[in-house]
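Below is one structure; the comments refer to it alone.
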Amino acid sequence: MKIAKIIIIGFGNVGRAFARTIALKKKFVESRYGVSLSVVGVADSKGMALKSDGFSEYELLKLCEVPRSGVNLFSPYAYNYVDLKYMYDMVQPDIHVELTPANYVTGEPGLTNIMFALTRGAHVVTANKAPIVLKYKELLEIAKKRSLQLRFRSTVMGGTPLIDTIMSLRSEEIEKIEGILNATTNFILTEMHDKLIDFEEALKKAQIMGLAEADPSLDIDGIDAAAKLVILSHVIGCSISLDEVKRESLSKIKLRDVVEAIKEGFVIKYLAYFDVRRRETYVRIVKIPKTDVFAQVNGSLNAVRIKTDVGEILFVGKGGGGLETAHSVLDDVIAIAIGSEGGMR
Ligand SMILES: NC(=O)c1ccc[n+]([C@@H]2O[C@H](COP(=O)([O-])OP(=O)(O)OC[C@H]3O[C@@H](n4cnc5c(N)ncnc54)[C@H](OP(=O)(O)O)[C@@H]3O)[C@@H](O)[C@H]2O)c1
């Protein structure tokens with residue numbers, strides 16, 4: 001059976017969910033696709049664990065139990081430092097899975113890691129948006145030169161096959177992309193509408209539920225949604241930069257705005273928008289009629305409406321979440337392992 005050797009860089013929520021999913025679905029993938037997925041290396045910010053003939057399902061599940069930043073405790077396979085070069089020399093991975101945090105200023109550590117992976121001949125799957133947002137063309141060029149795949153399906157609406165479907169639209173011209181691309185802000189707005197609470201209270205609830213980070217600015221200031229718009233622009237071959245997306249912070253919203261909108265038969269949503277022909281793009285607070293389909297997209301659901309020269313396509317579904325993102329990453333890994341093309345344009 002063909003063996004695909006995988007390394008996981010970043011072992012937080014998604015990294016652990018991904019490792020657990022591989023352990024639980026290993027047999028299923030083997031019987032359905034005839035490939036064996038073998039995790040040979042894992043790293044967090046403090047250390048790494050390496051096993052050149054692959055961790056067993058049991059070992060992977062045990063590895064998921066180490067505390068945060070605790071990969072270096074997983075003896076006898078552990079190291080107290082992270083050294084990608086050493087890792088590649090030791091385990092020679094086929095697929096590099098990048099699950100480190102997004103930094104939209106530098107792209108690091110994901111950018112350097114992905115560059116390194118491609119130059120060392122490994123295919124790349126990333127859920128980290130920043131390197132794709134900031135350096136898509138450069139990364140793609142390196143990947144193409146080396147006949148490698150760069151896949152990032154989980155970066156936008158990980159729980160819904162949005163990117164793959166858009167990539168399959170080969171003859172349609174995409175004119176507009178519009179959507180609710182951030183689960184945290186949609187949850188906050190839904191709470192404000194349903195419970196008539198103010199922004200701060202709704203945000204606090206999102207934080208308690210683990211939907212919003214302690215520092216929620218990436219979500220609240222529209223950076224996450226703008227980043228997703230940038231990735232979609234790359235996918236349709238009409239790239240915009242993060243700076244081009246005009247952003248209005250959701251923190252400006254007041255309960256009285258919501259109440260007024262409700263009285264007038266409207267709903268307030270935080271929409272990401274890209275008019276491809278006019279290159280007009282923004283993330284902002286928008287009042288939409290109650291009859292608009294986006295008005296029914298509530299809580300942590302996401303939605304995207306794609307207008308093409310043929311018609312409209314609507315996607316509604318789960319955005320991220322550890323389990324959904326892990327499966328989306330695994331879909332990309334399987335696609336590479338079975339030799340399916342189409343990870344890039
Ligand atoms: N959570 C979701 O639902 C979701 C959905 C779509 C995309 N994403 C993206 O997926 C990525 C991972 O998300 P997450 O929720 O798993 O984040 P997370 O829980 O913060 O985990 C990030 C992991 O990266 C590790 N890390 C940080 N710097 C590193 C370095 N230099 N070398 C190696 N590892 C390093 C961290 O190490 P320590 O454990 O030592 O801190 C941690 O294990 C992010 O880019 C996120 O935006 C997440």
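The values are calculated or read from the model by the stated rules, or taken from the named source; none is laboratory data. Just so you know, these numbers come straight off a predicted model, no measurement behind them. In this analysis, Cβ positions are derived from the backbone assuming ideal geometry, glycine residues included, and neighbour counts consider all displayed protein chains. What goes into the accessible areas is simple: the full protein's heavy atoms, side chains included, and nothing from ligands, DNA or RNA. Shrake-Rupley method; radii C 1.70, N 1.55, O 1.52, S 1.80 Å.
Structure values in brief
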{"read-out": "Options ILE262, ILE197: the member that is assigned to a helix (DSSP H, G or I) and surrounded by fewer than 19 Cβ atoms within 10 Å (Cβ to Cβ)", "value": "ILE262"}
{"read-out": "Subset of the range 97-110 [within 12 Å of the ligand (Cβ to nearest atom) and either touching a strand residue (DSSP E or B) at 6+ places or on another chain (Cβ under 7 Å) or of a type outside the set (D, E, K, R) (or both)]", "value": "VAL97, GLU98, LEU99, THR100, PRO101, ALA102, ASN103, TYR104, THR106, GLY107, PRO109, GLY110"}
{"read-out": "The range 66-107, residues that are within 23 Å of the chain's Cα centre (by Cα) and charged (D, E, K, R)", "value": "ARG68, ASP94, GLU98"}
{"read-out": "Per-region count, the range 137-160, residues assigned to a helix (DSSP H, G or I) and within 30 Å of ALA183 (Cα to Cα)", "value": "7"}
{"read-out": "Criterion: part of a loop (DSSP other than H, G, I, E, B) and either in the same structural domain as ALA227 (by TED's automatic domain parsing) or away from the ligand (no atom under 16 Å from the Cβ) (or both) - qualifying residue of SER36, SER52", "value": "SER52"}
{"read-out": "Test for GLU57: is it within 16 Å of the ligand (Cβ to nearest atom) and acidic (Asp, Glu)", "value": "no"}
{"read-out": "Hey, SER75 open to solvent by 30 Å² or more (accessible area, probe 1.4 Å) and within 13 Å of the ligand (Cβ to nearest atom) or not", "value": "no"}
{"read-out": "Given (1) buried (at least 19 other Cβ atoms within 10 Å of the Cβ); (2) in a loop (DSSP other than H, G, I, E, B), index of the condition LYS269 fails", "value": "(2)"}
{"read-out": "Unique residue being of a type in the set (S, T, N, Q), open to solvent by 10 Å² or more (accessible area, probe 1.4 Å) and touching a strand residue (DSSP E or B) at 6+ places or on another chain (Cβ under 9 Å) when the list is SER36, SER69, SER31", "value": "SER36"}
{"read-out": "Inter-residue pairs, beta-carbon under 8 Å, first in a helix (DSSP H, G or I) and in the range 3-16, second away from the ligand (no atom under 11 Å from the Cβ) and open to solvent by 10 Å² or more (accessible area, probe 1.4 Å), 6+ apart", "value": "ARG16/CYS64"}
{"read-out": "The lone exception for GLU280 - which of (1) under 27 Å from ASP243 (Cβ atoms); (2) in contact (Cβ under 8 Å) with a residue 12 or more places away in the chain; (3) more than 16 Å from the ligand (Cβ to nearest atom) it fails", "value": "(2)"}
{"read-out": "Any chance VAL316 is of a type in the set (A, V, I, L, M, F, W, C), touching a residue at least 24 places away in the same chain (Cβ under 8 Å) and within 16 Å of the ligand (Cβ to nearest atom)", "value": "no"}
{"read-out": "Residues being within 14 Å of ARG284 (Cα to Cα), of a type in the set (A, V, I, L, M, F, W, C) and open to solvent by 10 Å² or more (accessible area, probe 1.4 Å) - total across the range 223-245", "value": "1"}
{"read-out": "Lone qualifier among SER31, SER45 - being within 12 Å of the ligand (Cβ to nearest atom) and either under 20 Å from ASN128 (Cβ atoms) or not in a strand (DSSP E or B) (or both)", "value": "SER45"}
{"read-out": "Checklist (1) open to solvent by 20 Å² or more (accessible area, probe 1.4 Å); (2) under 14 Å from SER300 (Cβ atoms); (3) of a type in the set (A, V, I, L, M, F, W, C) applied to ALA206, failing item", "value": "(1)"}
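Each row is one residue, and each column tells you yes or no for (1) in a strand (DSSP E or B); (2) open to solvent by less than 50 Å² (accessible area, probe 1.4 Å); (3) closer than 30 Å to LYS2 by Cβ.
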position	(1), (2), (3)
VAL258	no, yes, no
GLY299	no, yes, no
ASN302	yes, yes, no
GLY317	yes, yes, no
GLU324	no, yes, yes
ASP332	no, yes, yes
GLY339	no, yes, yes
